[in-house]
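Below is one structure, written out as structure tokens; comments come after it.
The values are calculated or read from the model by the stated rules, or taken from the named source; none is laboratory data. For clarity, every value in this text was computed on a predicted model and none was experimentally measured. Note: ideal-geometry Cβ built from the backbone for every residue, glycine included; neighbour counts use all protein chains shown. All accessible areas refer to the heavy atoms of the entire protein, side chains included, with ligands and DNA or RNA removed. Shrake-Rupley method; radii C 1.70, N 1.55, O 1.52, S 1.80 Å.
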Amino acid sequence: MARKDIFDSVMGSAAVEQTRDVSSYAVRGASRSIMQSFEELSKSSVVDLDPELVDTSFVSDRIGDDEQEFSELMRAIQERGQDSPILVRPHPSSPGRYQTVFGHRRVKVARALRRPVRAVVKQLDDRDHVVAQGQENAARANLSFIERTLFAERLLKQGYAADIVKSALALDDTTLSKMRSVSSNVSESIIMAIGAAKGIGRDRWWQLAKLMAHPANAARADEHVQSSQFQHAGSDARFQALYELLAASGKGAKSAPSRPRERAWAAKDNSVKARIADTGKVFTLALKSKEASAFGAFIAGRLEELFEAFRESETRKTTGD
């Protein structure tokens, strides 16, 4: 197949690497100049590298590998060779080694096939590295919402500003806000247990995040993802099972309000009567009869004194004095 540029279809999904010019990436600002420099460099600087010398990026952008897609990519490279080079930089802390900016699966294929991996080598600082990696993510059709969310969260935790993350992944403020809502309420351990969930979009993850905001649901989720049935299901099915469990738990909690415990009290001469209700969280004392108002004012005026007496009594019970 003839190609206009050696960086066409850098996102190549698997069996068929779609032809896509680098200029079609959603880039702007500093990231635009970075990608344009890759175009120029790729025309003359593709080299063959030993894949054993190529390490992964310092920030991961995938949750596992889709075995079928990986097998299709391996078969395509076996039949046609590697159509599109990967992008690497000299490893910042290991001389003689390289760090993948994008093209991780092509490195794995080359390693499995015991053949060199075709690469463009470019000196990049950490910021330009994550922008380039993120731009490739933004253009890659098969990266799920939660994988993009986890990548964004990892960048933020490493100290990158929100503007850098938005530029790297071509996000608007609303989408980044929802991503942050998901990652703040759904722990990374739960996300990793569910997996990439290719068929689950932004709104469904946001609904799960709202359920997970309740502490009791977070505990239920931690327990549920350990079950054998959950772990043997597909990624989308794992998401759906957890969502349904937490949604059902929420409905059940609302349908069973606690009944207050009630009792009555009266003075010996019946000058004041009281009705007492206690739900465990709310204690209500209602006074009536002719001296109810005066007695109520007497109690209210001594609440501080009564509370201190209560505290002393509780302390004596604890210490055994």
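Where only protein heavy atoms count, and the probe is 1.4 Å, what is the accessible area per residue for segment 109-236 in Å²?
So segment 109-236 comes to 45 Å² accessible per residue, rounded to a whole number.
Once amide H atoms are built 1.01 Å from N in the peptide plane, which residues 5 or more positions from residue 55, or in another chain, come under 5 Å H to H?
98, 99, 100
Just to be sure I understand the model, the point goes 7 Å from the Cα along the line to the Cβ. What's the resulting residue 285 to residue 163 distance in nm?
Result for the modelled spin labels: 6.0 nm.
How far, in nm, would the chain grow between residue 293 and residue 231 when pulled straight, counting 0.36 nm per residue and subtracting the alpha carbon separation?
Between residue 293 and residue 231, full extension yields an extra 16.0 nm.
Sum up the charges of everything whose Cβ sits under 11 Å from the Cβ of residue 110, counting Lys and Arg as +1 and Asp and Glu as -1, but leave residue 110 out.
+4
Pick out, in residue order, every one of the trypsin sites (Lys or Arg not before Pro) in segment 263-321 that is DSSP loop and has at most 12 other C-beta atoms within 10 Å; say none if there are none.
268, 281, 290, 302
Considering only protein heavy atoms and a probe of 1.4 Å, how much of the accessible area of segment 157-246 is carbon and sulfur, as a whole percent?
Percent of accessible area from carbon and sulfur atoms in segment 157-246: 51.
Starting from the Cα of residue 311, step 7 Å along the direction of its Cβ; do the same at residue 70; then give the gap between the two resulting points in nm.
6.1 nm
For residue 262 and residue 126, compute 0.36 nm times the residue count separating them, minus their Cα-Cα distance, and round to one decimal in nm. Display every interim value, and only then the final one.
Numbers: separation 136, 0.36 × 136 = 48.96 nm, distance 6.56 nm.
Going from the current span to full extension adds 42.4 nm.
Grab the beta carbon distance between residue 48 and residue 248, set R0 = 51 Å, and tell me the FRET efficiency rounded to 0.05.
Calculated value: 0.35.
Kindly identify segment 67-201 as rounded, prolate or oblate by the Cα gyration tensor criterion: order the square roots of the eigenvalues as a ≥ b ≥ c, call it rounded if a/c is under 1.5, otherwise compare a/b with b/c, prolate if a/b is larger, else oblate. It would help to have the intermediate numbers written out before the result.
On the way: a/c = 2.14, a/b = 1.39, b/c = 1.54.
Oblate.
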